[in-house]
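What follows is one structure encoded as structure tokens, with my remarks underneath.
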Amino acid sequence: MIDNLISFFQNFHVFFNQSPILFYTTVGLISLVIGSFLNVVIYRLPKIMEYTWYHECREFLADEVTDIKPKEMTAITLSKPDSTCPNCNHKIRYYENIPVISWLFLKGKCSNCTTKISARYPLVELSTMLLSLVVAHHFGPTAETFWVLLLTWSLISLTMIDFDHMLLPDQITLPLLWLGLLLNINGTFVPLTDAVIGAAVGYMSLFSVFWLFKLLTGKEGMGFGDFKLFAVFGAWLGWQLLPLLILMASVVGAIIGISLLLFKNHNKEQGIPFGPYLAIAGWITLLWGNGIWTWYLQTIS
Ligand SMILES: [Zn+2]
């Protein structure tokens, strides 16, 4: 049994090479399920962090806060408690939790109290599937696909969490940083030297911009999460592509910024987080960066 399993994993790229349909179907279905899990991460991870911070702060301020009534907060994890309708607490049954299909079948409403379920959930699942298929098409049935899928899925959660809370959790950025460095030990994407310099330059460059901006204007334009995310891309792509990434991030930023102003009458006071631009630009650079860079250099010269 185990031997069969090992031989399957050693030969799976052969199966997938012989049958592209099987390959894309597998990636498509797995990424739909992952998309559903990402919805949970996007919704719950910030709540878990808030819970932890609150209790750490209370512990730290032990004597000072005894007269302040503790806030009602329930401990949650990614798996507990089960998902419920936020309005009527109706427990979501397994067949109401099938990615995209359940939402369409329920016509976007809770089966018990008919409260609207946000279209965001099926959209996150669909985008996860589409982006995963692009990665699968780009890298083919290789180990690279697997690693880039992990990165893609993490970037989707980072993008959404940053949009919601202006927060890029260390729980996601730091493992990605280590993973990029480890993968490049045998040069999976770039030589290790480029990756190590990339990680350091990535962090330090935005860190310097942050302080310069703060000294000049007294405002904080970015958070420490942004430096870490830029370091992640340095570790995966090497330092050479970082200038292109920043260029792309400003293009993505302009497009998203303008569309938010046009379509959503976005509150200008609220500010727009920088993380999503970095994440989207970094993903595009990972897939097509070298081509874009060559084209850009030819165009300006
Ligand atoms: Zn309900």
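Key figures for this structure:
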| quantity | calculated |
| --- | --- |
| Phe146 versus Ile300: modelled label distance in nm, points set 7 Å from Cα along the beta carbon direction | 3.9 nm |
| Cα gyration tensor, the stretch 13-90 - rounded (a/c under 1.5), prolate or oblate | prolate |
| The stretch 1-114, relative contact order [Cα under 8 Å, separation at least 6], % | 21 percent |
| Hypothetical label at Phe263: residues of the stretch 270-294 whose amide nitrogen lies under 20 Å (7 Å Cα-Cβ projection) | 270-284 |
| Ser7-Leu212 pseudo-label distance in nm [points 7 Å out on the Cα-to-Cβ vector] | 6.0 nm |
| Segment Lys116-Val251, extension gain: residue separation times 0.36 nm, minus the distance between their alpha carbons | 45.2 nm |
| Cα centroid of the stretch 142-158 to Cα centroid of the stretch 76-92, whole Å | 27 Å |
| Residue-level accessible surface for Ile292, protein heavy atoms, 1.4 Å, Å² | 50 Å² |
| Residue-normalised accessible area of the chain, given per residue in Å² at a 1.4 Å probe | 61 Å² |
| Kirkwood hydrodynamic radius of the stretch 140-271, from inverse mean 1/r over distinct Cα pairs, in Å | 15.9 Å |
| Amide proton proximity set for Thr84, modelled H, under 5 Å, gap of 5+ | Ile92 |
| Ratio of Rg to Rh over the stretch 102-169 (Cα coordinates, Kirkwood Rh, two decimals) | 1.11 |
| Prolate/oblate/rounded call for the stretch 64-157, Cα gyration tensor, a/c under 1.5 rounded | oblate |
| The stretch 74-153: trypsin sites (Lys or Arg not before Pro) in DSSP loop, at most 15 other beta carbons within 10 Å | Arg93, Lys107 |
| Heavy-atom accessible surface of the stretch 32-148: percent carbon and sulfur, 1.4 Å | 63 percent |
| Cα-Cα over 27 Å, subset of Lys47/Lys109; Lys109/Lys228; Lys71/Lys91; Lys47/Lys214; Lys80/Lys228 | Lys109/Lys228; Lys47/Lys214; Lys80/Lys228 |
| Listed residues Glu220, Glu64, Glu96, most fluctuating in the chain (Gaussian network, C-alpha, under 10 Å) | Glu64 |
| Label-point separation, Ala200 to Leu29 (7 Å along Cα→Cβ), nm | 4.7 nm |
| FRET efficiency, 1/(1 + (r/R0)^6) with R0 45 Å, evaluated for Leu133 and Arg58 via beta carbons | 0.45 |
| Structure-based [θ]222 nm, the chain - -39500 (n - 2.57) summed over DSSP H runs of at least 4, per residue, nearest 500 | -24000 deg cm²/dmol |
| Accessible area (Å², 1.4 Å probe, nearest 10) - Thr193 | 90 Å² |
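The values are calculated or read from the model by the stated rules, or taken from the named source; none is laboratory data. All values derive from a computational prediction rather than experimental measurement. With ideal geometry, Cβ positions are generated from the backbone for all residues, glycine too; neighbour counts draw on all protein chains shown. Each accessible area value is taken on the protein alone, full model and side chains, heavy atoms only, with ligands, DNA and RNA left out. Shrake-Rupley method; radii C 1.70, N 1.55, O 1.52, S 1.80 Å.
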